[in-house]
Amino acid sequence: MATDRATLARAAYDAYGRADRAAFEALAADGFRFWSPQDDGIDRAAFFARCWPAGERSTFEIVRLMTQGDEAMVTYEARRPDGTRFRNTEVLTFAGDQLVSTEVYFGWDL
């Protein structure tokens, strides 16, 4: 039985916000893909090279988390080191206990 999708989603954001790469790598499948308005389905290696460093500079607070089947939709507010904030929504897709894709929908500055 796969772990609850909300639990897995929270674990992913927790690892990202703490810059715990080992914990995030344990959740992300080898075939993990990442989409955003700036990233067109980049693979796991490109995600860690391009996107991972941002987690070391921001903190995340989940304000909405809904699940359906193998997906979790998460809206979060993030705070940058300079104190400015922004909000995004993401759709996470899981297979078993592994995160296989993330789609980011950019929000706005708060």
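The numbers here are math on the coordinates, done by the rules we state, and not lab data. All values derive from a computational prediction rather than experimental measurement. Here the Cβ is made from the backbone with ideal geometry for all residues, glycine too, and neighbour counts use every protein chain on show.
Per-structure values
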item: Spatial separation of Cα centroids for the range 1-26 and the range 35-73, in angstrom; result: 11 Å
item: Sequence-separation-based contact order of the chain, relative, with Cα cut under 8 Å and 6+ spacing, percent; result: 27 percent
item: The range 72-86 - phi-based ³J(HN,Hα) in whole Hz, Karplus 6.51/-1.76/1.60, Gly and Pro as x; result: 10, 9, 10, 10, 9, 10, 10, 10, 7, x, 7, x, 6, 10, 8
item: Cα gyration tensor category, rounded, prolate or oblate, for the range 31-76 with a/c compared to 1.5; result: oblate
item: Structure-derived Cα extents along the principal axes in Å: which label, when the choices are (1) 63, 38, 21; (2) 59, 29, 15; (3) 41, 28, 24; result: (3)
item: Degrees separating the helix 5-17 axis from the principal Cα axis of the chain, which is the longest one; result: 40 degrees
item: Inter-label distance, nm, simple model (7 Å from Cα along the C-beta direction), Glu25/Asp39; result: 1.6 nm
item: Extension gain (nm, one decimal) between Tyr105 and Trp52, 0.36 nm per residue minus Cα-Cα; result: 17.4 nm
